[in-house]
1. Using only the Cα atoms of the stretch 39-116, build the gyration tensor, take square roots of its eigenvalues as a ≥ b ≥ c, and label the shape rounded, prolate or oblate: rounded if a/c is under 1.5, else prolate if a/b is larger than b/c, else oblate.
2. Provide the gained length on full extension for the span Ser168 to Lys25, in nm with one decimal, where the gain is 0.36 nm per separating residue minus the Cα-Cα distance.
3. State, to one decimal in nm², a quarter of the convex hull surface area for the C-alpha atoms of the stretch 35-176, i.e. the direction-averaged projected area.
4. At 7 Å along the Cα-to-beta-carbon direction for both Ile148 and Phe13, put a label point, then send me their distance in nm to one decimal.
5. Can I get the semi-axes of the stretch 1-71's equivalent ellipsoid? Compute them from the C-alpha gyration tensor as square roots of 5 times the eigenvalues, in angstrom, largest first.
6. Pairs Lys82/Lys154; Lys82/Lys165; Lys77/Lys109: which exceed 25 Å Cα-Cα?
7. What number comes out for the charge environment of Lys211, summing +1 per Lys or Arg and -1 per Asp or Glu over other residues with Cβ under 13 Å away?
8. Once you have a ≥ b ≥ c as the square roots of the Cα gyration tensor eigenvalues for the stretch 95-218, tell me rounded if a/c is under 1.5, and otherwise prolate or oblate according to whether a/b is larger than b/c.
Amino acid sequence: MIKLAPSILSADFAKLYEDIQQIEKGGAQLLHVDVMDGHFVPNITLGPPIVKSLNDRVQIPLDVHLMIENPDQYIEKFNVSKTEIITVHAEACVHLHRTVEKIKSLGIKAGVALNPATSLDGLDYILDDIDMVLIMTVNPGFGGQSFIPVMYKKINQLKQKIQEKNLSIDIQVDGGINLDNVGQAIDAGANIIVAGSAVFKAEDICEQTKKMLQTMNG
Ligand code: DX5
Ligand code: ZN
């Protein structure tokens, strides 16, 4: 199934819940929560207290993207009742298999994210154990960057790898996705679409969410 996961990084944090209600009204299926630590990426965003508060109000499941060093130390803190998936970066995990097992032991889905320059080869011995691969289509750290075109090929190669192994793993794309390129990302093989600025910077967030979904399913 194709799903839209708007990233709250581009929302107006002063009226965060209002903005989220708009994407819920528009039909978004997941809420993408970008956690940055100022070490793994050159930006700091939000932490467990905000995720806990969101959990009390938001209707749709949370898709937590950890762009942090030592994620093992914080995984439990991000496992609130609405957390459906926690994604860690392969580049941030010395013992990736252990980290994935830790996430799954909480009864939630485990995702592995790859930066644009990271090869797919590192997935060979972990693919059977995970629920989702996140292909970063910009260098992580900020919203509003441009999609890196060579990533279409990477998405497609991942799709082939998954099919060859007969697995059912979601392919998430994150970074620079908008109405103009989302169709191509889906054609390449992506089925969970993260979009920050393309959704939350729109004049009418609810209408824009609907437009994204229409284009994705068109
Ligand atoms: C980037 C984050 C993304 C970002 C996407 O490091 O992981 O989720 O918020 O924002 P846009 O869609 O504006 O590139
Ligand atoms: Zn993200």
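1. oblate
2. Going from the current span to full extension adds 48.6 nm.
3. 8.3
4. Each label point lies 7 Å from its Cα, and together they span 2.6 nm.
5. Working: eigenvalues 92, 37, 24 Å².
Largest first, the stretch 1-71 gives 21, 14, 11 Å.
6. Going by Cα-Cα distance, Lys82/Lys154; Lys82/Lys165 fall outside the 25 Å limit.
7. -3
8. On the way: a/c = 1.82, a/b = 1.64, b/c = 1.11.
Judged from the Cα gyration tensor, the stretch 95-218 comes out prolate (a/c at least 1.5, a/b above b/c).
The numbers here are math on the coordinates, done by the rules we state, and not lab data. As the structure is a prediction and not an experimental result, all values here were calculated from the model. Using ideal geometry, Cβ is built from the backbone for each residue, glycine included, and neighbour counts are taken over all protein chains shown.
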